[in-house]
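Presented below is the structure to which this report refers.
Values in this text are rule-based calculations from the coordinates and carry no lab data. All figures in this text were calculated on a predicted structure; none of them were measured in a lab. Here the Cβ positions follow ideal geometry from the backbone for every residue, glycine too, while neighbour counts run over all protein chains shown.
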């Protein structure tokens, strides 16, 4: 299969590639969200600890 | 069985060690599965190239059921034995399971349009899978509406356990009702009615999705542990070490 055929998917290119694109999006979001959440969580907990030290 | 790891303090570093290996294995199986599924597997004799949607549709649909069973099982264990880690596992499962369900519905819709001529039909398989999405979302909404972690876990566990009834309904819907959705090709009695050249990439993708689930569920559980154990000395050490 060459690249043009792969893209065309025998006329079903839109459906096949939309499905794969959505799959990629779902898989990416579930990795990015918890990583971002961890970052902000550590920041909040750091500030929380600092404020407790001051008190 | 090592019960030591049921404590969040010991589970946190264990999960941290496992995540890179699980992520690496996910990537390997995903790449091989995609290569075999997109480049090597032949077109289907009836559906042409459109059937390649199967390689993301079927694994996500399987995972939508598997994650629900894990979620309800963990919620049940948390309910009966008051194990915090089990409750955390249940909450971590919900958004991931909801994503797999959404992916199964969307990829199915993108497959249904060219093959059936409709994005959506109210047949038993599609409807019960949509109910699964609502069960996940209901579980998450219920958790978000209760502040106290123990009450939150108990209330949502009851919902998760009641919803388990939907799992066999989804699985057997294609046998019990006359559905537009096709019947099982892999998990039926006797040999699977799918050629090895298509079955191999399908199973590799399913394995990749499984490993992916373990990777991201551990990521989420580690966050929940940090939040819920924030008063523990070992969490304070981690937080301060990162500053």
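Relative contact order (percent) for segment B:1-99, with alpha-carbon contacts under 8 angstrom and 6 or more residues of separation? Each step should come with its number before you reach the end.
Numbers: 49 pairs, mean separation 23.3, N = 99.
Relative contact order of segment B:1-99: 24 percent.
Ordered by packing density, taken as the mean number of other Cβ atoms within 10 Å over each peptide's residues, highest first, how do B:88-95, B:65-72 rank?
The peptides rank, most packed first, as B:88-95, B:65-72.
Rank the residues A:5, B:123, B:147 as a footprinting-exposure proxy: fewest other Cβ atoms within 10 Å of their Cβ go first. Mind showing how you got there, number by number?
Details: A:5 11, B:123 17, B:147 7.
Neighbour counts put them in this order, fewest first: B:147, A:5, B:123.
By counting other Cβ atoms within 10 Å of each Cβ, how are B:134, B:214, B:100 ranked from fewest to most?
Listed from fewest to most nearby Cβ atoms, that is B:134, B:214, B:100.
How many angstrom lie between the C-alpha centres of segment B:58-124 and segment B:136-177?
Using only Cα atoms, the two centres lie 10 Å from each other.
Taking only C-alpha pairs under 8 Å that are 6+ residues apart, what is the relative contact order of segment B:84-243 in percent?
Contact order relative to length: 25 percent.
Can you list, largest first and rounded to whole Å, the semi-axes you get for chain B by taking the square root of 5 times each eigenvalue of its Cα gyration tensor?
Output for chain B: semi-axes of 36, 22, 14 Å.
Fewest first, what order do B:171, A:53 take by the number of other Cβ atoms within 10 Å?
Fewest-to-most Cβ neighbours within 10 Å comes out as A:53, B:171.
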